[in-house]
Amino acid sequence: MNPALKNTLLFGIVAAMILYTGFTQSWNTALVIVNMGLISAIMALGVNLQWGFAGLFNVGIMGFVALGGLAAVLVGIPATPGAWSAGGWNILSAFIFAIGVVIAVVTVRSRMTPGWPRAGVVLALMIGGFFIYRALFDPGVEAVEAINPALTGNIGGLGIEKGLWVALAWPVGGLFAAAAAWVIGKTALGLRSDYLAIATLGIAEIIIAVLKNEDWLARGVKNVVGLPRPTPYEIDLQNDPAFVERAAGFGMDPVTASTLYVKVAYAGLFAVVLIVLLILAQRALNSPWGRMMRAIRDNEVAAEAMGKDVTARHLQIFVLGSAICGIAGAMMTTLDGQLTPGTYQPLRFTFLVWVMVIVGGSGNNFGAVLGGFLIWFLWVQVEPMGLWLMQVITAGMEDGSPLKSHLIDSAAHMRLFTMGMVLLLVLRFSPRGLIPEK
Amino acid sequence: MDFLNAIIALLNFVVVPAMAYGSQLALGALGVTLIYGILRFSNFAHGDTMAFGAMVTVLFTWLFQSWGISLGPLPTALLALPLGILGCMGLLLATDRVVYRFYREQKAKPVILVIVSLGVTFIMNGIVRFIIGPDDQRFADGERFIVSARTFKELTGLREGLAIKTTQGITVITAVVVVALLFWFLNRTRTGKSMRAYSDNEDLALLSGINPERVVMITWLIVAGLATIAGVLYGLDKSFKPFTYFQLLLPIFASAIVGGLGNPIGAIAGGFVIAFSEVTVTYAWKKVLTYLMPESLEPSGLVQLLSTDYKLAVSFLILLIVLLFKPTGLFKGKAV
Amino acid sequence: MSNDAYSDRGNKDLSLGDGSKMGTAQPVKPGGAAFASPGGPFLIGEDMTGGYGAGPDILHDCTIAVDRGEIAVIVGPNGAGKSTGMKAVFGMLNLRQGHVRLDGEDITALTPQARVARGMGFVPQTSNIFTSMTVEENLEMGAFIRTDDIRPTMEQIYDLFPILRDKRHQAAGELSGGQRQQVAVGRALMTQPKVLMLDEPTAGVSPIVMDELFDRIIEVARTGIPILMVEQNARQALEIADKGYVLVQGRNAYTGTGKELLADPDVRKSFLGG
């Protein structure tokens, strides 16, 4: 079978599985899978850029996705009245001061000769700076969080909530993630040995901790809900006589039709983003830049000998890949309509994306997209399948037996197990993934 | 008197908890560092290995409790611990046989083994949640305190009390015994030395007649022991919840890297460095300072550098600082 | 490389793993057995053809051998497959063709460990000591397969290389180049081998130390242990050799006694600098 046919077939199979879901379960479920599948595919595309093109191992995807989510909040919701005058400027000045301290520390480190005096100055700058920072920061935070804490208590954002303009949050999410990635990459790739993995693992946890605890920023675990949408609201559609009439023309009740319409609208927007990114990634792969990246990946020593600055290239691609994850994160938060920092877990947002990339095919953009859809489909559907399996297994047991109820209750945990199995099986028997790199 | 009170408050709120936590981290980091030294990769499944070993122990503890067997003042879990270790050994040997061995034969690079260990993480995590569920489980019993705050106050007449939980005492003593045994094994026995030799130079170990597969097997057995002990001690001290073990991965890796990956002494030092920095940075120093400072200078706030929610950030910052100054960690040069 | 399914894509992340000390050998897999195959020299790698993994063949019908009481020397230009030939004899790579026989037995299917147990000792060219372990521990590891008392052997090694006795509690990685080579040879001698294979034992040491090492090697040979040795210093090595092999591109180019090769005008012109 030629590769093009095989790949089309693979995508066809995934599409058929989603359609089957639509026919047997509901079209709403199928569209939810499609939408999250599109977002997962974008995340996988970003990680594939880092791992597939450059061999960079990012275990902090969760953090970049969450930063994207933060962007959706900060762009989407309006500024809280009075928050800036109460404490916002305090917080901002604290940040500017902190950046100043960091610059001072870096300057001292590069200007002074290594030794105890330098270490002393650096330490004094850091400790003194920290306390002054806290003195500026704490009152600001207190003031902002005191404003109507039950509803707001946060600083708010730009309040861009009109129609498609909402999607502006997505590239902003990419920028947030890119900025964080630049800092991480600059530090972790610049060390004498490469420590990128642990750095990303750590930063991701810190980003989540910040989102959970800094209530002034995005209300922490109190969550920001009701984010603006780029698509129409169901209730507006149901109140629109023209829409109701058209729905009736398809033989559907207005409620179902409106939910489907909104989801299809999202799918359209997401598909546009995915296709644009996919085209860009494909062109990058086949450009001189992409060939150089692969040359570095396959033989770093030779590339270095040819005068390529490997660290700078790695930083570049790490920032790009992370930005794509940030875009996907912003899209996801827009889709959910809320930011819930408590739900970000590494297994779901970091390791699962890795499964998508490896299963799809490291180094192949189409593979990453396929992996995104396929693994997301499994992630959603394994739970009902597991439940069904458990019901079959326990069918012979008498009702109310503790084993039976335990097995049925635990069926939900089958999905983790299944993901691990899928990853290990693919890695063992088809190590280059379903759509291998050319 | 105030000075003594300050010291006691410091011991009670900082030193004792950090000692216990540090011991748990050190045991965890030892397992990570052994695998890094012998199998050459960072095992992301280590947190879940700890959870699995602890889970088997918890199940046996419940069984023993239902039979009415107990250790009196000591937790019954200590009796179930050997069974937990055996269970964990079985799991790790089976995993190695079914999963890792193939990649060793292929001479797969470390990063591939890391990806493999991600798959193993998913599976182990799934198994643990499947068997015992994702919730908190209590299995500690026996005497709660070696010294309770009230007894201490009555004995000394000080205003501050010093409480040492049984689990904290057991944690530190067990860690000392386990570490001493491990070092004796690595430095004094033939098998232990052969592990160090393999870690140092695989090809030469082969030429000396050392069987690589045996070295790997023994490594997994030791790691199973370390992981289960660390997991059970942590569970006794705090509580058993599968997800928290997964989250221990970052401080454990940080400990191992701070100490110098592949170096057992480093792993222990790293564990305590991380534990003490976490506790000191997130402790509210008001109480201690109130005793030490004249009344006029008494601090108004809590004097807490960072809220406890940023514990993870502290381990990470320490890691970063150490790597900036010593790129190979605190102890490098001597492999496993 | 992108065609290798389990490559690391150039990843050098130390927080994920450290492959720098990973073995490069592709040892013969366990499970094979030796069988009697009498006759021939004490140790012979006969008509060996093979290379690393799926890569191209490096050895082509190559034969190297050493008999009791002899020193056999392998010389040849860089990349001639000298080290590969030694590894092949020791089972560190899979042969596609050919046999290895030791003391009347065919051992082609044995693992390196099993060959050690049958009395073969090997000092590789590089990474031939455990740098993080003390000198004494290095020697102990050399004797890993022995279950009897190893102290007399250790004393013999210290007599042979007195400097090691003084440094026995020092990490081997801290020693000088010549001392490291002594540790390496000492480690291999700890098994009380019936045959000793040395891959460029004098690489990277000063001329004085080199002479001393040659003296020690002759001393070892006099105790009756046959020695199969690869050497860069062809002239000096052939002078002490009972048998010499000149390898070129993985093939036997010239074979003879050391004196014959030294006298051969072709060998002189091509490999000994006239």
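The values are calculated or read from the model by the stated rules, or taken from the named source; none is laboratory data. None of these values were measured; they are calculated from a predicted model. For neighbour counting, all protein chains shown are included, and Cβ atoms are generated from backbone atoms with ideal geometry for every residue, glycine included. All accessible areas refer to the heavy atoms of the entire protein, side chains included, with ligands and DNA or RNA removed. Shrake-Rupley method; radii C 1.70, N 1.55, O 1.52, S 1.80 Å.
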> For the range C:1-45, what is the Kirkwood hydrodynamic radius in Å, using each pair of distinct C-alpha atoms?
Replying inline: 15.4
>> Tell me the per residue accessible area of the range A:7-62 using a 1.4 Å probe; a whole number in Å² is fine.
In response: 30
>> Which one, B:155, B:92, B:306, has the greatest fluctuation when you compute a Gaussian network model over chain B with C-alpha springs under 10 angstrom?
In response: B:155
>> Under 15 Å between alpha carbons, and skipping anything fewer than 8 positions from residue A:222 in its own chain: which aspartates and glutamates qualify?
In response: A:145, A:214
>> On a straight-distance basis, which aspartates and glutamates could pair with residue B:287 in a cross-link, Cα separation under 15 angstrom, same-chain partners fewer than 8 positions away excluded?
In response: B:2, B:160, B:295, B:298
> In whole percent, how big is the carbon plus sulfur part of the accessible area of the range B:2-325, probe 1.4 Å, protein atoms only?
Replying inline: 67
>> Projecting each Cα onto the charge dipole of the protein assembly as shown (Lys/Arg +1, Asp/Glu -1 at the beta carbon, about the Cα centre), which of B:223, C:84, B:293 comes out farthest on the positive side?
In response: C:84
> Which residues, if any, in the range A:399-423 have at least 50 Å² less accessible area in the whole protein complex than in the isolated chain, probe 1.4 Å?
Replying inline: A:413, A:416, A:417
>> Just to be sure I understand: with springs between alpha-carbon atoms less than 10 Å apart, which residue in B:187, B:43, B:201 has the highest mean-square fluctuation in the Gaussian network model of chain B?
In response: B:201
>> Given the protein assembly as shown, report the % of alpha carbon pairs whose separation exceeds 52 Å.
In response: 30
> Roughly how much accessible area, to the nearest 100 Å², goes out of reach of solvent when C and B pair up, both sides summed, probe 1.4 Å?
Replying inline: 3600
> Nearest 0.05, what FRET efficiency do residue B:184 and residue A:158 give at R0 = 51 Å with Cβ-Cβ as r?
Replying inline: 0.20
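Assuming R0 = 45 Å, what is the FRET efficiency of residue A:403 and residue B:14, from their Cβ-Cβ distance, to the nearest 0.05?
So, using R0 = 45 Å, E works out to roughly 0.45.
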>> Connecting C-alpha atoms closer than 10 Å in a GNM of chain B, tell me which of B:31, B:161, B:22 has the biggest fluctuation.
In response: B:161
> Over the range B:2-325, what relative contact order in percent results from Cα pairs under 8 Å that are six or more residues apart?
Replying inline: 33
> Sorted from largest down, what three extents in whole angstroms do the Cα atoms of the range C:1-135 have along their principal axes?
Replying inline: 53, 40, 36
> Taking the Cα centre of the range C:54-183 as origin and charging only Cβ (+1 Lys, Arg; -1 Asp, Glu), how large is the dipole, in debye to the nearest 20?
Replying inline: 260
> Average projected area of the Cα convex hull of the range B:2-325, in nm²?
Replying inline: 19.0
> Taking a probe of 1.4 Å, how large is the accessible area per residue of the range A:284-438, in Å²?
Replying inline: 39
>> I'd like the distance separating the alpha-carbon centroids of the range C:231-246 and the range A:26-64, in whole Å.
In response: 63
>> Between residue A:113 and residue A:312, how high is the FRET efficiency from 1/(1 + (r/R0)^6) when r is the Cβ-Cβ distance and R₀ = 41 Å? Nearest 0.05.
In response: 0.95
>> Charges on Cβ only, +1 for Lys and Arg, -1 for Asp and Glu, centred on the Cα centroid of the range B:2-325; of B:167, B:148, B:314, which one is farthest towards the dipole's positive end?
In response: B:167
> In whole angstrom, how far apart do the alpha carbon centroids of the range B:143-220 and the range A:303-361 sit?
Replying inline: 38
> Hey, what did chain A get for relative contact order, percent, Cα under 8 Å, at least 6 apart?
Replying inline: 30
> Exactly which chymotrypsin sites (Phe, Trp or Tyr not before Pro) in the range C:1-91 are in a DSSP loop and have at most 16 other Cβ atoms within 10 Å?
Replying inline: C:52
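Per residue, how many Å² of accessible area does the range B:2-325 show with a 1.4 Å probe?
Values: 11520 Å² over 324 residues.
With all protein chains present, the range B:2-325 gives 36 Å² per residue.
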> How much of the accessible area of the range A:316-355, probe 1.4 Å, is carbon plus sulfur, in whole percent?
Replying inline: 55
> Between the range A:380-404 and the range B:23-93, what's the alpha-carbon centroid distance in Å?
Replying inline: 30
> To the nearest 500 deg cm²/dmol, what mean residue ellipticity at 222 nm is calculated for chain A from DSSP H runs of n ≥ 4 alone, each contributing -39,500 (n - 2.57), summed and divided by the residues?
Replying inline: -24500 deg cm²/dmol
> Relative to the longest principal axis of chain B, what angle (0 to 90°, nearest 10) does the C-alpha long axis of helix B:77-95 take?
Replying inline: 30
>> On a 24 Å Cα-Cα criterion, which of the cross-link pairs C:82/C:259; C:12/C:82; A:6/A:438; A:162/A:263 come out too long?
In response: C:12/C:82
>> I'm checking a number: the convex hull volume of the Cα atoms of the range B:201-307, normalised per residue, in Å³. What is it?
In response: 142
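Report, as a whole number in µm² per second, the diffusion coefficient that Stokes-Einstein gives for chain C at 10 °C and 1.306 mPa s using the Kirkwood radius over alpha carbon pairs.
Details: Rh = 19.5 Å.
In µm²/s, the coefficient rounds to 81.
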> How big is the charge dipole of the protein assembly as shown about its Cα centre, in debye rounded to the nearest 20, if each Lys and Arg gets +1 on its Cβ and each Asp and Glu gets -1 on its Cβ?
Replying inline: 620
>> Below 8 Å, C-alpha to C-alpha, sequence gap of six or more: please give me the relative contact order for chain C in percent.
In response: 24
> Straight-line reach from residue C:29: which lysines have a Cα under 16 Å away, not including same-chain ones fewer than 8 places off?
Replying inline: B:107, C:87
> Among C:189, C:160, C:175, whose Cα lies farthest out toward the positive end of the dipole of the range C:159-222, if unit charges sit on the beta carbon of Lys, Arg (+1) and Asp, Glu (-1)?
Replying inline: C:189
>> Whole percent per 5 Å bin, from 0 to the bin with the longest distance: what is P(r) over all C-alpha pairs of the range A:13-91?
In response: 3, 11, 12, 13, 13, 12, 12, 10, 6, 3, 3, 0
> Just how large is the dipole of chain C about the Cα centre, in debye to the nearest 20, putting +1 at every Lys and Arg Cβ and -1 at every Asp and Glu Cβ?
Replying inline: 280
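So what's the projected area for chain A, the Cα convex hull averaged over all directions, in nm²?
It is 28.2 nm².
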> Whole-Hz Karplus ³J(HN,Hα) for the range B:299-315, in order, using 6.51 cos²θ - 1.76 cosθ + 1.60 and θ = phi - 60°, x for Gly and Pro?
Replying inline: x, 8, x, 7, 6, 10, 5, 9, 5, 4, 5, 9, 3, 4, 4, 5, 4
> If you take the alpha carbon radius of gyration of the range A:134-260 and divide it by 2.2 N^0.38 Å, what ratio comes out, to two decimals?
Replying inline: 1.55
